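For reference, the structure discussed in these notes is given below.
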Amino acid sequence: MFPIVEARVLGPNVKEFEIAAPRVARKHQAGQFIILRIYDRGERIPLTIKSADRERGTITIVVQAIGKTTSLLNELGKGDSILDVVGPLGKPSEIEKFGTVVVIGGGVGTAIALPTAAALRDAGNHVIAILGARNKGLVILENDIRAASHETFIMTDDGSYGEKGLVTDKLRELIASRGVDFVLAIGPIPMMRAVAECTRPQSIRTVVSLNSIMVDGTGMCGGCRVMIGNSSKFACVDGPEFDAHEVDFKVLMQRNEMYKESEQKAMADFRLNGGEEVKRVRGACANG
Ligand SMILES: Cc1cc2nc3c(=O)[nH]c(=O)nc-3n(C[C@H](O)[C@H](O)[C@H](O)COP(=O)(O)OP(=O)(O)OC[C@H]3O[C@@H](n4cnc5c(N)ncnc54)[C@H](O)[C@@H]3O)c2cc1C
Ligand code: FES
């Protein structure tokens, strides 16, 4: 069992958990993730390690509730436990001195990009962060991102905070006004695809983190297959970060849509009977 030692709400449907997982904490590098299973009949889902505290033996994750498992997880709190935590998985982010670096986080992508932004800053880059959200209430981890970067711009679709517009509007402005050497973009697939198209004309090195469906996280099940250039790769062991100009985003979107019907059914059942399931999971934590 992996006890939850702290939990706090960051925004609507977004929660941060500090989990005791000393072995994972010891080995973690920026860009890596875990696969967790809340209870014995639960689904295995991948979540990025936002930070690790080796002395406390804990890792911190940020979870956006979008379906059954993430909603169940976000019902848990301090004192509850998670059955399995496997990791750290995936290749660490490529950290080099590139020069001027733009790190873009859309929604929960901000949490995923955070450790890499901090590592790029520590490697001597000038880090400019752009956070994108639909409105002010959905901006998360602003203070953490400000601490991990030299400059931070916030873009909201409705202009309720920061500047009105898309993350790509700010990126285009930065490319035109001062030159950019490297871009990391993490967020919804349409956002990452738009960033790739923004930087392609000038061939600015651009990396995205792919959220393909993962099951085992070890390269065995084939669930996370993605097309990079003309080759097929497994996001769990070859990624999750890839050259954005090589990613076939259409294939990624099609594969992520494959289980839509069963995911919607699981969420509908959870809305009806979720209370009972949360109680069972809590009971299992207390007895485990
Ligand atoms: C490497 C990686 C790191 C991630 N890091 C984070 C993170 O730090 N915080 C966060 O909130 N989310 C993260 N995600 C996304 C998270 O895994 C999904 O939101 C979660 O699996 C959804 O499960 P669900 O049962 O709640 O929703 P469902 O209703 O089952 O699915 C909703 C959507 O989530 C995606 N999804 C579903 N099952 C999986 C799966 N087994 N593997 C991958 N994607 C799936 C699909 O796009 C699906 O359409 C990450 C995904 C990957 C691949
Ligand atoms: S998750 Fe099974 S091969 Fe990547």
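Hey, could you check the range 194-219 for residues that are in a loop (DSSP other than H, G, I, E, B) and over 18 Å from the mean Cα position of the chain (by Cα) and say which is farthest from ASP248 (Cα to Cα)? I'd like the intermediate steps shown before the answer.
Pass one, the range 194-219, residues in a loop (DSSP other than H, G, I, E, B): 200-204, 210-219.
Narrowing further to those that are over 18 Å from the mean Cα position of the chain (by Cα): 200-204, 218-219.
Values: ARG200: 14, PRO201: 17, GLN202: 19, SER203: 17, ILE204: 18, THR218: 22, GLY219: 19 Å.
Filtering the range 194-219 for residues that are in a loop (DSSP other than H, G, I, E, B) and over 18 Å from the mean Cα position of the chain (by Cα), the one farthest from ASP248 (Cα to Cα) comes out as THR218.
So which residues in the range 60-90 are among the aliphatic types (A, V, I, L, M) and more than 20 Å from MET214 (Cα to Cα)? Quick ask: steps written out before the conclusion?
Let us first name the residues in the range 60-90 that are among the aliphatic types (A, V, I, L, M), namely 61-63, 65-66, 72-73, 76, 82-83, 85-86, 89.
Across the range 60-90, the qualifying residue is only LEU76.
Do we find that GLU173 is out of contact with any Ser or Thr (no Cβ under 9 Å at 6 or more places or on another chain) and more than 14 Å from ligand 1 (Cβ to nearest atom) in this structure? If you could, list the steps in order and put the result at the bottom.
Numbers: out of contact with any Ser or Thr (no Cβ under 9 Å at 6 or more places or on another chain): yes; more than 14 Å from ligand 1 (Cβ to nearest atom): yes.
So GLU173 passes the test.
Which residue out of GLY79, GLY107 is within 16 Å of ligand 1 (Cβ to nearest atom) and modelled with pLDDT under 95? Give the steps one after another, and end with the answer.
Details: GLY79 fails: within 16 Å of ligand 1 (Cβ to nearest atom).
After ruling out the rest, the residue left standing is GLY107.
Could you list, in sequence order, all residues of the range 235-281 that are among the aromatic types (Phe, Trp, Tyr) and farther than 30 Å from GLN202 by Cβ?
Taking the range 235-281 as the starting set, the residues that turn out to be among the aromatic types (Phe, Trp, Tyr) are 242, 249, 259, 270.
Listed by number, the residues that qualify are TYR259, PHE270.
I need the full set of residues from the range 44-99 which are among the hydroxyl-bearing types (Ser, Thr, Tyr) and touching a strand residue (DSSP E or B) at 6+ places or on another chain (Cβ under 8 Å), in order please.
Filtering the range 44-99 down to residues among the hydroxyl-bearing types (Ser, Thr, Tyr) leaves 48, 51, 58, 60, 69-71, 81, 93.
Once the filter is applied, which keeps residues that are among the hydroxyl-bearing types (Ser, Thr, Tyr) and touching a strand residue (DSSP E or B) at 6+ places or on another chain (Cβ under 8 Å), the range 44-99 yields THR48, SER51, THR58, THR60, THR69, THR70, SER81, SER93.
Restricted to the range 226-260, and to residues that are of a type in the set (D, E, K, R) and without any contact (Cβ under 8 Å) to a residue 24 or more places away in the chain, which residue is farthest from ligand 1 (Cβ to nearest atom)?
Applying the first criterion (of a type in the set (D, E, K, R)) to the range 226-260 yields 233, 238, 241, 243, 246, 248, 250, 255, 257, 260.
The next check asks that each one be without any contact (Cβ under 8 Å) to a residue 24 or more places away in the chain; those that pass are 233, 246, 248, 250, 257, 260.
Values: LYS233: 13, GLU246: 18, ASP248: 16, LYS250: 15, GLU257: 7, LYS260: 6 Å.
Residue satisfying both the conditions and the ranking: GLU246.
List pairs: first residue in the range 54-69 and within 16 Å of PHE17 (Cβ to Cβ) and in contact (Cβ under 8 Å) with a residue 60 or more places away in the chain, second residue away from ligand 2 (no atom under 16 Å from the Cβ) and basic (Lys, Arg) anywhere in the structure, Cβ distance under 8 angstrom, at least six positions apart or on different chains.
Filtered contacts from the range 54-69: VAL62/LYS15; VAL62/LYS50.
Test LEU10 against the criterion of being under 27 Å from ILE189 (Cβ atoms) and of a type outside the set (Gly, Ala, Ser), and give yes or no.
So LEU10 passes the test.
Select, from GLU263, GLU197, the only residue that is in contact with a helix residue (DSSP H, G or I) (Cβ under 9 Å, 6 or more places away or on another chain), among the acidic types (Asp, Glu) and either within 16 Å of ligand 2 (Cβ to nearest atom) or in contact (Cβ under 8 Å) with a residue 60 or more places away in the chain (or both). Break it down stepwise before answering.
Working: GLU197 fails: either within 16 Å of ligand 2 (Cβ to nearest atom) or in contact (Cβ under 8 Å) with a residue 60 or more places away in the chain (or both).
Of GLU263, GLU197, the one residue that is in contact with a helix residue (DSSP H, G or I) (Cβ under 9 Å, 6 or more places away or on another chain), among the acidic types (Asp, Glu) and either within 16 Å of ligand 2 (Cβ to nearest atom) or in contact (Cβ under 8 Å) with a residue 60 or more places away in the chain (or both) is GLU263.
If a residue must be in a helix (DSSP H, G or I) and in contact with a Phe, Trp or Tyr (Cβ under 9 Å, 6 or more places away or on another chain), how many such residues does the range 220-269 contain? Give the derivation first.
So in the range 220-269, the residues in a helix (DSSP H, G or I) come out as 235-238, 244-246, 249-257, 260-269.
Filter once more, keeping what is in contact with a Phe, Trp or Tyr (Cβ under 9 Å, 6 or more places away or on another chain): 235-236.
Total satisfying the criteria: 2.
Given (1) within 16 Å of ligand 2 (Cβ to nearest atom); (2) in contact (Cβ under 8 Å) with a residue 40 or more places away in the chain, identify the lone condition not met by LEU47.
The failed condition is (2).
The values are calculated or read from the model by the stated rules, or taken from the named source; none is laboratory data. This structure is a prediction, so every number in the text was calculated from the model and none was measured. Every residue, glycine as well, gets a Cβ built from its backbone with ideal geometry; the counts of neighbours run over all protein chains shown.
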